[in-house]
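Below is one structure, written out as structure tokens; the observations come after it.
The values are calculated or read from the model by the stated rules, or taken from the named source; none is laboratory data. As the structure is a prediction and not an experimental result, all values here were calculated from the model. Please note: Cβ atoms are built from the backbone with ideal geometry, for glycine as well, and neighbour counts cover all protein chains shown. The accessibility values were calculated without ligands, DNA or RNA, using every heavy atom of the protein model including side chains. Shrake-Rupley method; radii C 1.70, N 1.55, O 1.52, S 1.80 Å.
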Amino acid sequence: MQLDRLAAQLGAVLGVVPRRNAAADLVRTLYRLARDEKVLAVIDEFPYLLGTTAAEQQRTLTAIQAVMEEEREHSRLKLVLTGSTVAVMESLQAEHNPMHGRLLPMPVRPLNYRHAQEFLHDTSPVVRIARFSVAGGMPRYLSALADGSLLDAVTAQIVDPYAPLFNEPSTLLAAELREPTVYFSILAALARRPQTAADVGATVHAPTQELTGYLHTLESLHLVSRHRPAGTDRPTRSTQWRCDDDFVRFWFRFVHPHRGALESGIDPRAFVGAQVAPHLGDHAAPTFERILEDWVRAFHGAEAPGVGAWWGPALHPLRRTKQRFTEEIDCVAMRGRAVAVAAEAKWTTAPMGVDVLHDLFTYKLPAMAQAGHDVGDTHVVLASRSGFTPGLVDAARGRSDVRLVDVETLSADLRP
């Protein structure tokens with residue numbers, strides 16, 4: 001049916017419907033159509049033309065590869081192949097694939113906050129960031145959640161069982177994965193916070209070694225990623241896995257655990273008011289931290305390219321007395337072993353207090369020094385959703401090594 005539709009479309013241009021016994025026939029027609037003039041052809045959902053079995057897909061790709069070898073030197077065709085099945089599209093670049101070396105990969109990734117703002121019409125950056133923390137960077141989701149009250153949009157577009165995005169992540173994952181149940185459990189664990197593989201294993205009650213393959217598959221789909229403390233250049237037990245897609249993270253935290261109840265008739269508006277609204281700030285906090293990371297990378301990444309979060313053991317005397325066990329800094333910019341920038345983000349309704357600055361200089365930066373990093377010339381950046389207390393403003397005043405950045409400035413600086 002796909003071949004018939006494409007052939008009919010070409011027939012309107014050629015004046016005759018081309019042969020359509022196989023996908024390779026239509027690809028040959030496209031190449032020959034462009035022998036005398038430039039032609040741009042875009043085939044969307046290319047995997048649909050390949051067949052359903054591995055053997056059939058291999059035969060189709062081999063035939064298309066043969067056509068490309070025969071025709072492309074005599075053609076001015078620019079052929080763009082697109083598809084939403086990530087695994088199939090990326091496999092076209094694999095060494096064993098007939099198309100290997102014959103295509104230029106152009107991966108389409110979700111938008112970061114800088115460009116996602118183009119879809120968000122709110123004048124308040126706080127609301128824009130909150131929307132982005134739910135929608136993530138996919139234009140379809142951004143458009144669905146762009147207008148009106150955010151909680152109303154969440155109800156109408158995601159939480160209501162009849163909403164267009166109610167089953168979206170499960171549908172997408174079912175198309176990519178053979179054992180979605182295990183992957184669902186992993187994503188549900190990572191939806192609340194980044195975790196080590198051992199932590200995920202404890203949450204889903206599975207041995208760590210069994211989860212490695214599943215985590216790598218989710219990583220290949222760009223749904224999760226692994227992170228080491230900034231400045232660490234080798235694998236470590238403290239490596240954490242993080243859910244990178246904010247929409248997926250939202251769905252697995254708020255919708256997936258309650259799908260049965262929602263489908264059974266719970267009022268979705270009341271559910272959003274009771275289960276989503278009180279925790280939306282907590283959900284948006286990691287998004288705000290990543291936006292701060294983007295800001296640090298944009299303004300300091302050229303001279304200090306090692307940008308990311310840092311975590312590690314607290315100062316030894318404090319660990320021995322069990323006062324503090326670990327330290328974490330939301331974002332640092334590293335220049336080799338030197339810490340050029342240390343940044344903290346607070347997504348709370350209360351202004352950021354002077355205790356954040358105190359903890360950085362008293363506990364966190366000394367812990368980085370204990371780990372072998374040079375913190376002697378570190379500049380501090382503090383970003384807050386709700387501004388800063390007078391005490392923090394006074395403490396930062398006159399210090400060239402401390403900068404306070406409100407959410408309006410942070411958002412404006414990341415405008416395209």
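Relative contact order for the range 27-101: 43 percent, from Cα pairs under 8 Å spaced at least 6 residues apart, divided by residue count. Using the Kirkwood radius over Cα pairs, work out the Stokes-Einstein diffusion coefficient for the range 297-360 at 20 °C and 1.002 mPa s, in µm²/s as a whole number. Here the translational diffusion coefficient equals 160 µm²/s. Taking a straight Cα-Cα cut-off under 16 Å and skipping sequence neighbours fewer than 8 places away in the same chain, the aspartates and glutamates within cross-link reach of Lys78 are Asp36, Glu37, Asp44, Glu69, Glu70. Per-residue ellipticity at 222 nm from helix content only, as computed over the chain with -39500 (n - 2.57) for each DSSP H run of at least four residues, stands at -12000 deg cm²/dmol.
Label-to-label distance, Thr196 versus Ser220, with points set 7 angstrom from Cα along the beta-carbon direction: 2.7 nm. Mean sequence separation of contacting Cα pairs (under 8 Å, at least six apart), scaled by the length of the chain, corresponds to a relative contact order of 11 percent. Shown are His373, His358, whose ranking by accessible area with a 1.4 Å probe and every protein chain present, most to least, is His358, His373. Per residue, the accessible area of the range 1-143 comes to 59 Å², computed with a 1.4 Å probe over protein heavy atoms only. Taking only the Cα atoms of the range 113-248, the ratio Rg/Rh comes out at 1.02, with Rh defined as the Kirkwood radius. For the range 187-240, the Kirkwood estimate of hydrodynamic radius, built from reciprocal distances between every pair of different alpha carbons, is 11.6 Å. Here the scattering of the range 52-119 is modelled by Debye summation over its C-alpha atoms, one equal scatterer each and no solvent; at q = 0.21, 0.23 Å⁻¹ the log10 of I(q)/I(0) is -0.97, -1.10. As a ratio to 2.2 N^0.38 Å, the alpha-carbon radius of gyration for the range 275-314 is 1.55.
As a ratio to 2.2 N^0.38 Å, the alpha-carbon radius of gyration computed for the range 262-372 takes the value 1.39. Taking all protein chains as present, what is the carbon and sulfur share of the accessible area of the chain, in % to the nearest whole number, probe 1.4 Å? Result for the chain: 52 percent of the exposed heavy-atom area is carbon or sulfur. The Rg/Rh ratio for the range 149-227 is 1.04, where Rg is the radius of gyration of the alpha carbons and Rh is the Kirkwood radius.
When you restrict to C-alpha pairs under 8 Å that are six or more residues apart and normalise by the size of the range 330-416, the relative contact order lands at 31 percent.
The magnitude of the dipole of the chain, with charges of +1 and -1 set on the Cβ of Lys/Arg and Asp/Glu and taken from the Cα centre, is near 480 debye.
By the Cα gyration tensor, the chain has an equivalent ellipsoid whose semi-axes, rounded to whole angstrom, run 45, 26, 23 from largest to smallest.
Here Lys346 is the anchor, and the lysines within straight C-alpha reach of less than 23 Å, apart from those fewer than 8 places off in the same chain, are Lys364. How big, in percent, is the set of alpha carbon pairs in the range 47-174 lying more than 23 Å apart? Every Cα pair in the range 47-174 considered, those over 23 Å come to 52 percent.
Using 17 Å as the cut-off for backbone N distance, which residues of the range 221-242 belong to the label zone defined by a point 7 Å from the Cα of Arg337 along Cα→Cβ? In the range 221-242, the label zone of Arg337 (backbone N under 17 Å from the point 7 Å along Cα→Cβ) covers 230-234. Between Pro257, Pro286, Leu14, the Cα set farthest toward the positive side of the dipole of the chain (charges on each charged residue's Cβ, about the Cα centre) is that of Pro286.
Separation of the range 191-264 and the range 11-46, taken as the distance between their Cα centroids, equals 43 angstrom. Hydrodynamic radius of the range 91-155 by the Kirkwood approach over all distinct alpha-carbon pairs: 13.7 Å. Coupling constants for the range 213-223 follow from the phi torsions by the Karplus curve (6.51 cos²θ - 1.76 cosθ + 1.60, θ = phi - 60°), and in residue order they are x, 5, 5, 5, 5, 4, 5, 5, 8, 6, 9 Hz; glycine and proline get x. For Asp36 and Ala8, a Förster radius of 22 Å and the Cβ-Cβ distance give a FRET efficiency of 0.45, rounded to the nearest 0.05.
Across every direction, the projection of the convex hull enclosing the Cα atoms of the range 339-416 has a mean area of 5.8 nm². Report the normalised scattering of the range 246-310 as log10 I(q)/I(0) at q = 0.15, 0.19 Å⁻¹, calculated by the Debye formula with identical scatterers on the alpha carbons. Those come out to -0.61, -0.77, one per q. Along its three principal directions, the equivalent ellipsoid of the range 1-52 from the Cα gyration tensor extends over semi-axes of 18, 13, 10 Å, largest first.
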